[in-house]
1. Using a Förster distance of 35 angstrom, determine the FRET efficiency expected from the C-beta separation of LYS55 and VAL17, and round it to 0.05.
2. Need the full-extension length gain, LYS70 to GLU28, defined as separation in residues times 0.36 nm minus the C-alpha distance. One decimal, nm.
3. Please identify every one of the trypsin sites (Lys or Arg not before Pro) in the range 20-80 that sits in a loop by DSSP and has no more than 15 other beta carbons within 10 Å of its own beta carbon.
4. Percent relative contact order of the range 7-82, based on C-alpha pairs within less than 8 angstrom and at least six residues apart?
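Read the figures in this text as sums done on the coordinates, not as results from a lab. All figures in this text were calculated on a predicted structure; none of them were measured in a lab. Every residue, glycine as well, gets a Cβ built from its backbone with ideal geometry; the counts of neighbours run over all protein chains shown.
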Amino acid sequence: MLRDGEWTLDELARNFVVSKKVIIDDLEHIARSVSRPSRLQIHPPTCEGCGYRFKGRAKYNDPSRCPMCKNEHLRSQRFRIAS
Ligand SMILES: [Zn+2]
């Protein structure tokens with residue numbers, strides 16, 4: 001599924017009918033085990049208020065609000081496997 005497009009945590013959790021925690025665990029596993037030249041690509045979440053991009057995050061869970069403007073309307077990060 002991750003090879004067919006970009007997905008948010010919510011979409012993945014809904015599709016597989018599991019909690020987001022399970023998806024996050026899976027993503028961590030995929031990130032380590034995906035074989036080259038494929039790799040897990042992560043589009044970081046962005047703030048819809050000020051456009052702030054969350055860069056260099058080690059966690060896969062979505063942040064709850066923007067550190068710059070405190071806006072809680074964030075566009076979810078998206079995942080895909082690119083080759
Ligand atoms: Zn912001």
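1. On the way: r = 31 Å, r/R0 = 0.90.
Approximately 0.65, to the nearest 0.05.
2. Details: separation 42, 0.36 × 42 = 15.12 nm, distance 2.77 nm.
Contour length minus Cα-Cα distance gives 12.4 nm.
3. Numbers: sites: LYS20, LYS21, ARG32, ARG39, ARG53, LYS55, ARG57, LYS59, ARG65, LYS70, ARG75, ARG78, ARG80; in loops: LYS55, ARG57, LYS59, ARG65, LYS70.
Filter output for the range 20-80: LYS55, ARG57, LYS59, ARG65, LYS70.
4. Numbers: 101 pairs, mean separation 28.4, N = 76.
Relative contact order of the range 7-82: 37 percent.
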